[in-house]
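The values are calculated or read from the model by the stated rules, or taken from the named source; none is laboratory data. Please read these numbers as outputs of a predicted model, since none were measured by experiment. As a convention, Cβ positions derive from the backbone with ideal geometry for all residues, glycine included, and neighbour counts pool all protein chains shown.
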Amino acid sequence: MRLFILILCLFAAQIADAQVGLPPVRVPVPNVGLSSLPTTGLPLESNLDAEFRGTNLRGLRAFHDARRLSGFLALTVLIWCLDALGTVIGGAALGFRIPISVAFLLVAGLGLGSALPSTPGYVGIYQFVAVTVLTPFGFSRTDAIAYILVAQALMYVVIGFWGSIGLWRYRGTRRSVSKR
């Protein structure tokens with residue numbers, strides 16, 4: 001749970017950094033136990049490293065505002081609940097009874113699995129996660145793979161639909177700007 005919260009905060013920090021122009025925060029990092037690392041000839045703490053940490057810490061400062069933090073948490077809970085509800089409904093459409101707790105576990109597993117290196121579209125990773133999460137709850141491997149393939153196909157359809165609309169609107173905006 002702590003790892004999830006840390007990842008969520010780092011993700012939010014990246015989003016907040018794009019929206020909030022706060023001054024950079026510099027945090028000294030002690031060199032504890034780093035002498036055993038192989039040397040590359042580059043300084044251990046590069047400017048890129050320091051900038052990355054500063055950016056993340058600056059983004060976290062956005063949550064010092066209670067209203068922004070509560071809005072972020074409320075939207076996060078809403079998104080997770082909608083994802084879990086979609087999992088339950090999608091399973092029911094295929095004739096599977098997926099309890100809401102298993103749906104939350106599956107959504108969390110898919111989220112963590114998406115951080116692993118994989119093929120384009122996460123083909124293979126999503127199937128592995130679905131089989132790993134659903135089989136202990138009485139689903140066969142075939143049912144788990146069938147569910148996740150349908151869910152993945154629907155995800156591509158939804159993203160393709162909204163992405164096409166966004167691309168169409170973007171091109172229209174660029175054309176109107178270039179005519180000026």
- prompt: Which pairs do you get when a residue that is more than 22 Å from residue 107 (Cα to Cα) and modelled with pLDDT of 90 or more, found in the range 56-84, comes within reach of a residue that is of a type in the set (Val, Ile, Thr) and surrounded by 16 or more Cβ atoms within 10 Å (Cβ to Cβ), reach meaning Cβ atoms under 8 angstrom, with the pair 6+ apart or on two chains?
  reply: none
- request: Filter the range 102-129 down to residues that are more than 12 Å from residue 151 (Cβ to Cβ), touching a helix residue (DSSP H, G or I) at 6+ places or on another chain (Cβ under 9 Å) and of a type outside the set (A, V, I, L, M, F, W, C) and give me whichever is modelled with the highest pLDDT.
  value: 109
- prompt: Is it true that residue 150 is touching a residue at least 24 places away in the same chain (Cβ under 8 Å), β-branched (Val, Ile, Thr) and in contact with an Asp or Glu (Cβ under 8 Å, 6 or more places away or on another chain)?
  reply: no
message: Every residue in the range 130-172 that is of a type in the set (A, V, I, L, M) and touching a helix residue (DSSP H, G or I) at 6+ places or on another chain (Cβ under 8 Å), please.
response: 130, 131, 133, 134, 144, 145, 148, 149, 150, 151, 154
